[in-house]
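Enquirer: Would you mind keeping the following structure in view while I ask a few things?
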């Protein structure tokens with residue numbers, strides 16, 4: 001597979017005619033160095049380099065026939081600048097809205113909203129771009145995210161998927177209950193005091209408490225220590241999420257942080273790298289536990305599921321901290337923000353909130369004692385979560401792949417070797433599939449069509465879809481069912497109303513960094 005990929009990429013980049021044009025332009029440059037003053041030489045060199053880019057983009061590029069703006073054809077700077085400004089997905093989406101269902105977003109790179117092309121882009125023949133090898137590499141260890149071809153990622157993906165199958169979820173779900181009920185009690189206290197809460201922070205604390213318990217059986221109790229200074233785990237986690245994605249898309253960031261040393265960037269890099277300390281300390285504590293406790297966490301299941309007859313694909317003991325960091329990041333970002341956004345949406349749509357609470361009261365009649373697994377039966381709760389993730393996906397895209405096969409969109413064919421992508425943001429706002437796409441309407445999911453299900457891609461699509469999506473959906477149902485069975489969300493006091501606007505490099509957050517909420521205790525039948 002990798003060799004096939006290498007051939008296709010070479011086929012795109014090393015074309016004989018283009019090389020001849022390059023030699024001619026270089027000859028002009030050498031002549032300019034000999035004949036003209038130094039300043040003019042520099043200007044000439046820059047002009048010739050730009051001319052070469054333009055000639056390639058419009059004459060030789062494999063995507064020269066695809067619509068798109070001039071600057072995106074000749075340089076990746078606009079795309080990288082949008083990434084640096086945390087509007088990467090919005091940049092690609094806006095171009096699709098302007099130019100049509102397929103568009104050039106960077107040299108030899110296209111983005112599309114076409115659902116048929118999506119199936120090819122994310123099949124087993126495609127290869128991830130270098131972003132993933134950077135993002136999925138932690139201190140020299142390449143984790144599941146960083147393995148570029150399907151074959152190399154297959155073994156660990158298979159093991160993770162087995163960990164999150166329904167039969168194992170029932171075991172893992174027992175670790176979720178106590179944290180969710182603790183969260184409800186904390187929110188009741190703030191509700192009785194009439195206080196606003198930042199949903200991004202509080203749901204992140206809850207998600208990290210859950211994920212460290214579920215993944216390796218450790219009770220971090222971040223919720224219980226929320227009134228003190230920001231825990232080291234939380235600071236390191238925020239730094240990891242932001243810095244690791246930024247340096248993967250813009251590699252020069254690592255050099256700046258390491259050698260030039262802007263204080264803010266250097267601090268971010270240091271705290272990001274300290275995640276390794278957190279993981280190693282947790283692994284030490286995990287090993288110190290008795291074996292009897294090693295049957296209710298993902299780390300145990302993952303290690304037990306590895307096949308003895310395939311030593312090359314087994315996770316090495318010294319590599320475990322890197323995998324722990326990856327699982328912790330993947331297991332908390334989506335659930336925390338989605339839960340906060342769902343609460344915000346329900347506060348702004350009281351009729352939907354009333355409908356949800358009626359369903360919860362019917363399914364969970366006793367507010368003080370109920371089986372959380374019953375929340376899995378709630379259809380409207382499921383609709384609320386699906387609609388929230390459609391409108392505000394936490395991995396909004398683009399998810400880039402080197403094409404292993406050609407795709408055709410609106411009669412325009414893109415050959416293998418080109419970088420192509422779709423995104424959850426663009427797919428979720430397809431007006432043909434989701435009428436009034438900018439509106440939050442959970443009811444649309446009560447009779448979901450096949451096209452709606454196909455275009456709902458917050459966990460990715462195809463051969464590399466998120467292996468922990470089952471666990472994430474289970475967490476979200478537990479969080480929201482317990483919250484709205486005991487309380488209702490209302491408008492926060494003294495906070496200017498603002499719509500949710502996503503800011504993303506890879507994983508998304510809000511532009512402001514906050515999602516202000518307020519709850520009122522209400523255990524009475526609506």
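Enquirer: Taking helices (runs of 4 or more DSSP H) that do not extend beyond segment 110-228, which have at least 1 residues that are in contact with a strand residue (DSSP E or B) (Cβ under 6 Å, 6 or more places away or on another chain) and either more than 30 Å from residue 483 (Cβ to Cβ) or not assigned by TED's automatic domain parsing to the domain that holds residue 338 (or both)? Give the derivation first.
Expert: Values: elements: 115-121, 130-135, 150-163, 166-192, 199-216.
Because the criterion is at least 1 residues that are in contact with a strand residue (DSSP E or B) (Cβ under 6 Å, 6 or more places away or on another chain) and either more than 30 Å from residue 483 (Cβ to Cβ) or not assigned by TED's automatic domain parsing to the domain that holds residue 338 (or both), the helices (runs of 4 or more DSSP H) in segment 110-228 that meet it are 115-121.
This table checks each residue for (1) buried (at least 22 other Cβ atoms within 10 Å of the Cβ); (2) within 30 Å of residue 187 (Cα to Cα).
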| position | (1), (2) |
| --- | --- |
| 425 | yes, no |
| 435 | no, no |
| 441 | no, yes |
| 453 | no, no |
| 458 | yes, yes |
| 471 | yes, yes |
| 489 | yes, yes |
| 499 | no, yes |
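Enquirer: Looking at (1) out of contact with any helix residue (DSSP H, G or I) (no Cβ under 9 Å at 6 or more places or on another chain); (2) surrounded by fewer than 16 Cβ atoms within 10 Å (Cβ to Cβ); (3) under 30 Å from residue 58 (Cα atoms), which one does residue 193 not meet, given that it meets all the others?
Expert: The one condition residue 193 does not meet is (3).
Enquirer: Within segment 44-61, identify whether any single residue is more than 25 Å from residue 247 (Cβ to Cβ), in contact (Cβ under 8 Å) with a residue 40 or more places away in the chain and not in a helix (DSSP H, G or I), and answer yes or no.
Expert: There is at least one residue in segment 44-61 that is more than 25 Å from residue 247 (Cβ to Cβ), in contact (Cβ under 8 Å) with a residue 40 or more places away in the chain and not in a helix (DSSP H, G or I).
Enquirer: Given segment 411-486, what helices (runs of 4 or more DSSP H) lie entirely inside it while holding 2 or more residues that are modelled with pLDDT under 95 and under 16 Å from residue 387 (Cα atoms)? I'd like the intermediate steps shown before the answer.
Expert: On the way: elements: 424-428, 450-454, 469-486.
Where helices (runs of 4 or more DSSP H) fall fully within segment 411-486 and carry at least 2 residues being modelled with pLDDT under 95 and under 16 Å from residue 387 (Cα atoms), they are 469-486.
Enquirer: Residue 266 is checked against (1) surrounded by fewer than 21 Cβ atoms within 10 Å (Cβ to Cβ); (2) touching a residue at least 12 places away in the same chain (Cβ under 8 Å) and fails just one. What number does that condition carry?
Expert: All conditions pass for residue 266, except number (2).
Enquirer: Residue 344 is checked against (1) modelled with pLDDT of 95 or more; (2) within 20 Å of the chain's Cα centre (by Cα); (3) crowded, with 21+ Cβ neighbours inside 10 Å and fails just one. What number does that condition carry?
Expert: Result: residue 344 fails condition (2) only.
The values are calculated or read from the model by the stated rules, or taken from the named source; none is laboratory data. Keep in mind that this is a model prediction, so the values were computed, not measured. Neighbour counts run over all protein chains shown; Cβ positions are idealised from the backbone, glycine included.
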